[in-house]
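The numbers here are math on the coordinates, done by the rules we state, and not lab data. Since this is a predicted model, take the numbers as computed values, not measurements. Counting neighbours? That spans all protein chains shown, and the Cβs are built from the backbone with ideal geometry, glycine included.
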Amino acid sequence: MTSRRDFVTVTLAAVGGALAPRWAGAAPKAMSVVHESSFIKAFDDFFVQKLAPEYEKLTGIKINYEPVSVGSMLTRLTTIVETKAGPEIVATGVNWPYLFDAGLVDVTDVANEVGKKLGGWHDNIYDAVVVNRKWKAIPWGNIGQLEVYRTDWFKEVGVNKFPDTREDLLAAGRLLKKKGHPFGFELGHGFGDNHGWLYPLLWSYGGREVDKDGKTVLIDSSETAKAVDFCRKFYQETMLEDVLGWTDVNNNRAFLAEQISCTNNAMSILIVAKRDFPEIGKVTDHGLNPQGPKGRFHLFNVQSHAIAAHAPDQAAAKAFLRWLYDDKQLSAWLVAGDAYYAPFLHGYDNHPMWNADPRYLPYKDCLRTSRLHAWPGPAGHQASESVAKYVLVDMFAKACRGDSTKDVIATAAAQLKQIYKAK
Amino acid sequence: MVGGHDLATRIRRLYLPLAAFLVLMLFPFYWMLITSIKPNRELYNARIMPLIVHQPTLKHYVDLLTETNFLTWTYNTMLVAVVTTAVSVVLGTMMAYPLARMRFPGAAVVAIGVAATYLVPQPLLFIPMSDIINRLELGNTLTAVMLTYPTLLIPFCAWLLMGYFKSVPRELEEAARIDGASRFQAMVRIVLPLCTPGLLSAGIFAFTLAQNEFLYALIFLAKSEVRTVPVGAITELIRGDVFYWGQLMAAALLGSVPVAIIYSFFVDYYVAGLTAGAVKN
């Protein structure tokens, strides 16, 4: 034991484990945690080099960390849950706790303890991880999608602060495009940067895909039409034409190649710029998504840990999560992540990691206005199907390509009605 | 024929088309090479000529070899590809020969079954396969992929070899049988040597497929030290929405070297194999 806190944590874990109804007498020798490999290599390294050895030293349980490639986590998770074999602790993203509900353990007790100790959970996180009133995953952070822009070029056209409304951003974009610094917002079939700005755009005009009941498709509305019209104008008057074919990697590259002055992205552009292109890093900043007539919104990209139902010793897996989400471990791990993951715990609202660079702060501020893709509809299989089929992305992209607002909305409405089995 | 013409004609009719073809074929490798030796600053600079390297660097190769398990992945890939290719060619031959040369009830149905098995998409198979591998407790071992790759490769090799076996005249085999050879001896001494190009074609294709396979390797090989190149490189060299292009291209280039060497050794047989049956003697 290295401190009183360690002693208390491990003792509580051991007592909890002993009281849990299970047959196994001895603690497992090893457990595995599977994660999508982090953009921040130091985040993965910290787990492997610091957290795992420390836990083994404390409990004798070896923790194997298994990173999988970006985009492959869902395949891996499906295999683990369907075959009931493999790592005991699995990372989940966005609404996956809903998709794998039956294959994940109820971790309400752990979540409540963590929340109590660390200032309470943000209210809107319940939508992502609480399924049928049971916590099926414990979130460690959000990978926010915000506006990333060149401060020097914005200043050149007289914009000293990132525009607060969509119309102001459009006006700034027109000036910047004339100056040879167009915008570049992804409209292709990538995995995040397209949804990252298009769902908030729809919501900010009052448009919705589906109602709370998950049965009433709401996309065919005047609010959606206004969002589509704005998007077409925004594309035509501010952007590079080839954004229609972009995926997530393209806007990063274009920004760092100084081809675009503004995009919607996670913090990765700034982090790479600071590391490899310091002169671009100095003039890169973040802004919240601008407000539309019906408010300001952002998209959730929740990252969580869950326990697979096949885990032979669920009490031991819970004990590990209790230890991992203890302030001493979680805090240091988040610092290693360079504020890339914004935690959902109020106790971390003023965490020192936010002081490293004031440009990180919008990623904390956006949590309050973040929603899951299908909001206000339920976060189940249908929501995932809509995302996987790029219903919303294609609606906006086709409008930008030149299709009429009426046609693109009708196509999206038909697809959504089929997905939600609505009349 | 272009052999008998003067130099100008030869250049126009032979060397220019050949040069154009070479450029087309080698361009992807050239692109891999220059991307792997460009510093990041050049990779992201849209204002300079992208086909030339202005300040070449070996940093991406050094990083690839020192900061990742690339050499281990390469060893794993080669081991898996060699073993699965050998197993698949031997078993594929054993399956293809009777289907092509012997008359027995149900042969046609089995032959169609072989083709159909090859056509079953991997995404339908990976969960049941994973279940079997877990029951055998082979997760995170190279044996897992050595056992599963032949399920793809044996039907492929058998299907390819059936065509070659059918092209060998029966009379040759019958002559050997009359001279006292058993069916096995006739197969080993007469048919297989005549089908060497086919065996090499099947082997090279099987090797390439095994080397490039992604889905089973992703599912069964979770630890870095047992990964193959395709899964290892993508796991460690693509992070979020940032691609480590230099290292990725270095890995792709180095990863293609073994196949290039194998092709260069067997290219004559391989080409003969591709054109077998093209001309009726």
*Pull up all non-local amide H partners of A:Val131: gap of 5 or more, or a different chain, and H-to-H distance under 5 Å with H placed in the peptide plane.*
A:Lys136
_Equivalent-ellipsoid semi-axes of segment B:7-57, from the Cα gyration tensor, Å, largest first_ = 32, 11, 8
*asked:* Students often get this wrong: which residues of segment A:264-295 have the backbone nitrogen under 20 Å from the point 7 angstrom along Cα-to-C-beta of B:Val62?
replied: A:275-278
*For chain A, modelled as a GNM with alpha-carbon contacts under 10 angstrom, which of A:Pro358, A:Pro163, A:Pro290 fluctuates the most?*
A:Pro358
*First check a/c for chain B, with a ≥ b ≥ c the square roots of the eigenvalues of its C-alpha gyration tensor; if it is under 1.5, answer rounded, and if not, answer prolate when a/b is larger than b/c or oblate otherwise.*
oblate
_Take chain B, mark every one of the trypsin sites (Lys or Arg not before Pro) that falls in a DSSP loop and has at most 10 other Cβ within 10 Å, then report the longest stretch left between them, sites excluded._
B:104-279
*Helix A:222-238 versus the longest principal axis of chain A: what is the Cα-based angle in degrees, 0 to 90, to the nearest 10?*
70
*asked:* Which of B:Asp268, A:Asp193 has the fewest other C-beta atoms within 10 Å, and how do the rest follow up to the most?
replied: B:Asp268, A:Asp193
_Net charge contributed by nearby residues that have their C-beta within less than 12 Å of A:Trp354 (K/R +1, D/E -1)_ = -2
*asked:* Less than 15 Å Cβ to Cβ from B:Val188, Lys/Arg counted +1 and Asp/Glu -1: what total charge do the surrounding residues give?
replied: +2
*asked:* Using +1 at the C-beta of Lys and Arg and -1 at the C-beta of Asp and Glu, which of B:Ala96, B:Gly163, B:Thr84 has the Cα lying farthest in the positive direction of the dipole of chain B?
replied: B:Gly163
*What is the sum of charges around B:Glu236, taking Lys and Arg as +1, Asp and Glu as -1, for the other residues whose C-beta is under 11 Å from the C-beta of B:Glu236?*
0
_In Hz, Karplus ³J(HN,Hα) per residue of segment B:232-242 (6.51, -1.76, 1.60; θ = phi - 60°; x = Gly, Pro)_ = x, 5, 6, 5, 9, 10, 10, 10, x, 9, 10
*Counting only residues 5 or more places away or on other chains, whose amide H sits under 5 Å from the amide H of A:Glu36 once H atoms are built in the peptide plane?*
A:Val68
_Using Cα-Cα distances under 8 Å and only pairs 6 or more residues apart, what relative contact order does chain B have, in percent?_
28
*Relative contact order (percent) for chain A, with alpha-carbon contacts under 8 angstrom and 6 or more residues of separation?*
26
*Using θ = phi - 60° and Karplus 6.51 cos²θ - 1.76 cosθ + 1.60, couplings along segment B:37-53 (whole Hz; Gly, Pro as x)*: 10, 8, x, 3, 4, 6, 4, 9, 8, 7, 8, 9, 4, x, 8, 10, 9
_Net dipole in debye of the protein assembly as shown [+1 Lys, Arg Cβ; -1 Asp, Glu Cβ; about Cα centre; nearest 20]_ = 640
*Sorted by Cβ density within 10 Å, fewest first, the residues B:Leu124, A:Leu77, B:Leu218*: B:Leu124, B:Leu218, A:Leu77
*In terms of modelled amide H atoms, which long-range or inter-chain residues lie less than 5 Å from the amide H of A:Met31?*
A:Lys62, A:Ile63, A:Asn64
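List A:Ile219, A:Ile260 from most exposed to least, where exposure is judged by having the fewest other Cβ atoms within 10 Å.
Working: A:Ile219 24, A:Ile260 27.
Placing the least packed residue first, the sequence is A:Ile219, A:Ile260.
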*asked:* Output wanted: per-residue J couplings in Hz (rounded whole) for segment A:212-218, from phi through Karplus 6.51 cos²θ - 1.76 cosθ + 1.60, θ = phi - 60°, x for Gly and Pro.
replied: 4, 6, x, 10, 9, 6, 10
_Charges on Cβ only, +1 for Lys and Arg, -1 for Asp and Glu, centred on the Cα centroid of the protein assembly as shown; of B:Ser264, A:His305, A:Gln382, which one is farthest towards the dipole's positive end?_
B:Ser264
